[in-house]
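Remarks on the structure that follows.
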Amino acid sequence: MASWLQRTVNRGVFPLSTRFSTFRFFSKSSPYVVKVGIPEFLNGIGKGVESHVTKLESEIGDFQNLLVTRTLKLKKLGIPCKHRKLILKHTHKYRLGLWRPRVECITS
């Protein structure tokens with residue numbers, strides 16, 4: 001298999017851009033919220049999840065407790081399945097460092 005790939009690359013069957021990987025470097029990183037709380041986190045998720053801000057703040061308390069909250073606790077709070085899945089998916093990504101809520105752009 002490797003010899004077939006090497007022959008096709010050497011013949012020029014693949015375009016130049018796929019033969020050599022090119023890296024893109026961006027000078028500006030996307031803007032992120034500095035301090036993340038429950039309201040900022042849920043607003044960053046969007047899709048109607050932000051309607052549960054008051055319920056989660058009163059029952060769970062702070063953002064660190066939200067990051068370790070399980071499905072059953074969210075279910076007992078009366079949060080629908082689709083919103084629970086979104087919250088848990090984004091908390092997992094946040095803990096791994098793969099996602100952060102973005103800053104809302106202010107248009108004047």
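Derivation of every value follows stated rules applied to the coordinates shown; laboratory data play no part. Quick caveat: nothing in here was measured; it's all calculated off a predicted structure. Quick reminder, even Gly has a Cβ in these numbers, built from the backbone with ideal geometry, and neighbours come from all protein chains shown.
What order do you get for 85-91, 97-103, 36-42 when each peptide is scored by the mean count of other beta carbon atoms within 10 Å, highest first? Walk me through the intermediate numbers first.
Numbers: 85-91: 16.6, 97-103: 13.6, 36-42: 18.9.
Top to bottom by mean Cβ count within 10 Å: 36-42, 85-91, 97-103.
Amide H to amide H, which residues 5 or more places from Trp99 or on other chains are under 5 Å from it, using H placed in the peptide plane?
Tyr94
How many nm separate the modelled label positions at Val53 and Lys75, each set 7 Å beyond the Cα in the direction of the Cβ?
About 2.8 nm separates the two model spin labels.
What lysines could a cross-link reach from Lys35, if we take a straight Cα to Cα line under 25 Å and drop same-chain neighbours fewer than 8 places away?
Lys47, Lys55, Lys73, Lys85, Lys89, Lys93
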